[in-house]
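The values are calculated or read from the model by the stated rules, or taken from the named source; none is laboratory data. A quick note: this is a predicted structure, and the numbers were derived from the prediction, not measured. With ideal geometry, Cβ positions are generated from the backbone for all residues, glycine too; neighbour counts draw on all protein chains shown. Heavy atoms of the whole protein, side chains included, go into the accessibility calculation; ligands, DNA and RNA do not. Shrake-Rupley method; radii C 1.70, N 1.55, O 1.52, S 1.80 Å.
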Amino acid sequence: MTSTRRRARGRLPVVLVLPAVIGLAFLLVPLVGLLVRAPWSTLPERLAGESVGQALRLSLVCASLATVVCLVLGVPLAWLLARGDVPGRGLLRALVTVPLVLPPVVGGVALLFVLGRRGLLGQHLDAWFGISLPFTTAGVVLAEAFVAMPFLVISVEGALRAADPRYEEAAATLGASRWLAFRRVTLPSILPGVVAGTVLCWARALGEFGATITFAGNFPGETTTMPLAVYLALESDPESAIVLSVVLLLVSVGVLAALRDRWISGPS
Amino acid sequence: MRALALVALLVLAGCGERAPDGAVTGRITVFAAASLTGTFTRLGEDFEAANPGVDVVFNFGGSSGLARQIGQGAPADVFASAAPSTMAQVVDAGGTAAAPVTFARNRLEIAVPRGNPAGISGLADFGDADAKIALCAEQVPCGAAAKRAFDAAGITARPDTLEQDVKAVLTKVRLGEVDAALVYRTDVRSAAGEVEGIAFPGADGTVNDYVIAPLAAAPDDAGARAFVEHVRSDRGRAVLAEAGFDAP
């Protein structure tokens, strides 16, 4: 009796396995297509080109800076949404996710309306401080942060809501301030959620295209990140575009795999 | 977004046919350069009005991107390219049903935001490091034409951004994010009121030919040829001329 039950439990149900396998194939087959079409014989000389390294470096730097911006602003925002007693929290939570559903190009246009040279804030930045964000590397970081921050906020907020608030309350009864309790009790307990959100956020920023090209434009060495370089290479030299894509793919998979192993290897 | 348009076209295309009485019916799918958006939309409406039962569907985009989609088997009946070289890719792959013909010409013009706040007066201002300049990337036809203009004038342009198509360049001018840009004369015309155009000497060297051809894989061959004829008709020429195109 026990053995049959164990077997029943051990067998994977087809209704789950079949869609899972199809889902896996759906996600992986396009990547295989990329690898199959890659011009492996001429790969080294294409990679040696200066523009590839430049675009890759810029991509990694901008995605990392955008992630830092998202961490500094996004973790407190997630805390406010999960723990703060702010009116209309449900609406705020929905608004925070707007960049997720907004087409990135629209996000870029919206950023131009606010931070562009004639934008609501941008015109003052330009007139008072001589700061102009469009067409700069800082603009790339902003555009990426705008698109990627919701991923971080949602992950961290989810972790906060799943965390037991009684530990914080216990810390408070022992005399800890809310800030101390946040740093010493809450943050360590939600660290896996923060790391997962950070990884998602970085990955999203790395692949960002629409908001970047709309807000920051495209100039080699300053705003041409890998996705922009891929898009433009497609116009004239599809093989180079494939090479760039493969490089971006390998670098991101490498970084994500390394991070997963170190930080978010859950119970296996 | 392009991919989505392509999926929509895949679903929608392939239902054109010639009715028994010889009239053209069904759906005609036209892939056309982004700079033809305004004129071809109007010509499509004309064509639909003259041929009841015909539905003309457009996919506007950068010519080279469109050529690539056609090469990958996108179901298009007609291709109108902003550059003969892009059309040549389709011809070389055996993609056309008839020889491409030149139906219009376009030339570059300097575009500045309304009121010309930076006081741009000519091509030489494009070498000014302080001016915000947008150009098309050299990989797309408008960028190649801009390069010819600067080479001929002996000016080293100092752009702040190299956009992926001419409409993106125009948007930057419309929003006032750049002081000057090089776009087609037709683009300046289409944004009249927001954008001012400045002709420059040597623009004759930037003329590019627009070519059109029915496609071999056309699900609707008769419709494709009829639409090409419509573009080349007197009515077609008038619409194109009004938008600022030169006659071939």
In Å, the Kirkwood hydrodynamic radius from C-alpha pairs for segment B:108-206 sits at 12.7 Å
For residue A:149 the rounded accessible area (nearest 10 Å², probe 1.4 Å, non-protein molecules ignored) is 40 Å²
Descending accessible area (1.4 Å probe), largest on the left, turns A:156, B:207, A:15 into A:15, B:207, A:156
In Å, the Kirkwood estimate of hydrodynamic radius for segment B:26-123 over Cα pairs equals 15.3 Å
Largest-first ranking of B:167, B:172, B:132, B:147 by accessible area, probe 1.4 Å, whole protein assembly kept, is B:147, B:167, B:132, B:172
Projected onto the charge dipole of the protein assembly as shown (unit charges on the beta-carbon of Lys, Arg, Asp and Glu, signs +1, +1, -1, -1), the Cα from A:172, B:118, B:219 with the largest positive-side position is that of A:172
For chain A, using Cα atoms only, the Rg and Dmax in Å read 22.5, 81
Applying the span-like rule to chain A (DSSP H, Cα extent along axis at least 24 Å, Kyte-Doolittle mean at least -1.0) gives A:14-37, A:50-83, A:137-162, A:238-263
Heavy-atom accessible area with a 1.4 angstrom probe orders B:175, A:16, most exposed first, as A:16, B:175
With a 1.4 angstrom probe the carbon and sulfur portion of accessible area for chain B, in percent, totals 52 percent
Ranked output for segments B:196-204, B:208-216 by mean other Cβ atoms within 10 Å, highest leading, reads B:208-216, B:196-204
Cα-only Rg/Rh for chain B with Kirkwood Rh rounds to 1.01
Note to self: with every protein chain in place and a 1.4 Å probe, chain A gives an accessible area per residue in Å² of 56 Å²
SASA check, residue B:165, accessible area w/ 1.4 Å probe, all protein chains in place, rounded to nearest 10 Å², comes out at 40 Å²
Gyration tensor (Cα only) of the protein assembly as shown to equivalent ellipsoid, semi-axes in Å sorted down, yields 47, 32, 22
Heavy-atom accessible surface buried between A and B, both sides counted, 1.4 angstrom probe, nearest 100 Å², is 2000 Å²
For segment A:23-141, the Debye formula with one identical point scatterer on each Cα and no solvent gives log10 I(q)/I(0) at q = 0.12, 0.15 Å⁻¹ as -0.78, -1.04
In nm, the gap between the two label points placed 7 Å beyond Cα toward Cβ at residue A:11 and residue A:85 is 5.6 nm
Candidates B:43, B:182, B:108; GNM for chain B (alpha-carbon contacts under 10 Å) flags as most fluctuating B:43
The protein assembly as shown: antiparallel bridges as % of DSSP beta bridges, rounded to 5, reads 55 percent
Taking every residue of A:127-135, the Cβ atoms of other protein chains inside 10 Å of its Cβ average out to 2
Magnitude of the Cβ-charge dipole (Lys and Arg +1, Asp and Glu -1) of segment B:70-158 about the Cα centre, nearest 20 debye, reported as 140 debye
